[in-house]
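Some notes on the structure that comes next.
The values are calculated or read from the model by the stated rules, or taken from the named source; none is laboratory data. Every value quoted in this text rests on a predicted model; they were computed, and no experiment measured them. We place every Cβ from the backbone using ideal geometry, glycine too, and count neighbours over all the protein chains shown.
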């Protein structure tokens, strides 16, 4: 009959429909797979920290005291406003104060700038970095902790502080040996969480980790503790370690961070940034301690903490 359909046409249409459905499914899955890979990279632990050796190491017998600076660099994601200029401001502060050891938090790494490496190269210092959050290759941004020094560095270790309520937000501590004129010291940069109960437990975890890692040696512990000095956990920290700023200035204004209304008036003033000394088996003198900011342009929305220390014996 002239109106009869070819016998193979119906199966051909079914095959074509299946092919198009497979192509559509594959197209829909590609973004999902890409997103899953981004999430996997963000969640994976950071690599073991490695020391980058500076080009201008300080002779270990040169200085009579050791100067330590702890600074939150304020990564300002995703805008990173004036980041390069703020890093230069901090570098000038480090040079002007003759800083030997720099403890850094919110250290940004973006495709065109790695803050830790830029500062280390600018200052000729050795450095070590540990990623905390984000992933530079996966999303074009990450931030973490760093320690820089004019002295040689060795034996870096990082630790995620517990508890961690979110898998996407890590609170970290980074420790490294500083081979100074006073022998081997331990330096720690830390950044704790904002929830009070979590913050308290993380600080207890940090105190135990520092005690084990320092093993009787002197240790400097600096960072953004995200807790006011009246918080019970900060009182416990002061019983275990010396709060160098309060040691010299028991009644001074200790504000290191301000929240402001859009019109500029202060909304809240807090002390969030601290530098502690765990003296170990030696007695130490705190010669100077103060809160400072970058030369010219402020380096951050946090003040930095600077101290000069020397053994008492």
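State the number of residues belonging to the range 160-176 that are surrounded by fewer than 18 Cβ atoms within 10 Å (Cβ to Cβ) and either over 19 Å from residue 105 (Cα atoms) or in contact (Cβ under 8 Å) with a residue 40 or more places away in the chain (or both).
7
Take residue 223 and tell me if it is buried (at least 18 other Cβ atoms within 10 Å of the Cβ), touching a strand residue (DSSP E or B) at 6+ places or on another chain (Cβ under 6 Å) and in the same structural domain as residue 276 (by TED's automatic domain parsing). Criteria met by residue 223. None of 146, 108 is at pLDDT 95 or above, assigned to a strand (DSSP E or B) and farther than 16 Å from residue 49 by Cβ except 108. Scanning the range 111-143 for residues that are in a strand (DSSP E or B) and under 23 Å from residue 221 (Cβ atoms) returns 126, 127, 128, 129, 130, 131, 132, 133, 143.
Among residues of the range 177-202 being out of contact with any strand residue (DSSP E or B) (no Cβ under 6 Å at 6 or more places or on another chain) and crowded, with 22+ Cβ neighbours inside 10 Å, the one that is farthest from residue 154 (Cα to Cα) is 193. Residues in the range 101-119 that are surrounded by fewer than 24 Cβ atoms within 10 Å (Cβ to Cβ), more than 19 Å from residue 301 (Cα to Cα) and in contact with a strand residue (DSSP E or B) (Cβ under 6 Å, 6 or more places away or on another chain): 110 alone.
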